[in-house]
1. Just give me the residues in the stretch 45-84 being over 18 Å from residue 24 (Cα atoms), in a strand (DSSP E or B) and either without any contact (Cβ under 8 Å) to a residue 12 or more places away in the chain or aromatic (Phe, Trp, Tyr) (or both), in sequence order.
2. How many residues are of a type in the set (D, E, K, R) and surrounded by 16 or more Cβ atoms within 10 Å (Cβ to Cβ) when one looks only at the stretch 22-63?
3. Report yes if some residue within the stretch 68-79 is of a type in the set (Asp, Glu), farther than 24 Å from residue 15 by Cα and either at pLDDT 85 or above or surrounded by 12 or more Cβ atoms within 10 Å (Cβ to Cβ) (or both); otherwise report no.
4. Going through the stretch 4-22 one residue at a time, which ones are modelled with pLDDT under 90 and within 14 Å of residue 90 (Cβ to Cβ)?
5. At pLDDT below 80, over 19 Å from residue 18 (Cα atoms) and more than 11 Å from the chain's Cα centre (by Cα): which single residue out of 100, 51 fits that description?
Amino acid sequence: MFSFLPYFSVCQNKFRENGWYHILSGQTDSISREPIVTIKDFISLRLETDYFGKNVISGQISKYKLNKWAKETEKAIGRQIAFVFNDSIITHLVYHELRYMKNITFMS
C-alpha cells in the first residue's frame, strides 16, 4: 500500500508528458526530465475517490514497460516520485518498497 499527498504545483518545464517522474533533490526544477513511465505506458489508469473519500490512482502497466517500472522504482526506494498531469504535480510520494506487479494502486 502506498500513500500520497494531494499536491498541485505547476512544473517549471511545461513540456513534460503525463506520467510518473523521479523527484531530484538539490535542483531548482526538481522533477526529472525523463519520465519513469507515461500514461501511454498503462493499459488502464484512473484517478478516483475511494469509499472513505481518499484519492486513489490505480492502473495496469503495459508488459512492455514493466521492467522499466521495476528498475526505476527500485532506484526510488526511500526517495520521492511524482505523478505529473497537464504540467502539474498531482501527487508525490516517498516510495518505500519494491513492486514488480503490473497492477498498481496509490492511495492517500
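1. Once the filter is applied, which keeps residues that are over 18 Å from residue 24 (Cα atoms), in a strand (DSSP E or B) and either without any contact (Cβ under 8 Å) to a residue 12 or more places away in the chain or aromatic (Phe, Trp, Tyr) (or both), the stretch 45-84 yields 48, 49.
2. 1
3. yes
4. Residues satisfying the conditions are 4, 5, 6, 7, 8, 9, 10, 11, 16.
5. Selected residue: 100, the only one of 100, 51 that is at pLDDT below 80, over 19 Å from residue 18 (Cα atoms) and more than 11 Å from the chain's Cα centre (by Cα).
The values are calculated or read from the model by the stated rules, or taken from the named source; none is laboratory data. This one's a predicted model, so the numbers in the text were calculated from it and none came from an experiment. Backbone-built Cβ (ideal geometry, glycine too); neighbour counts: all protein chains shown.
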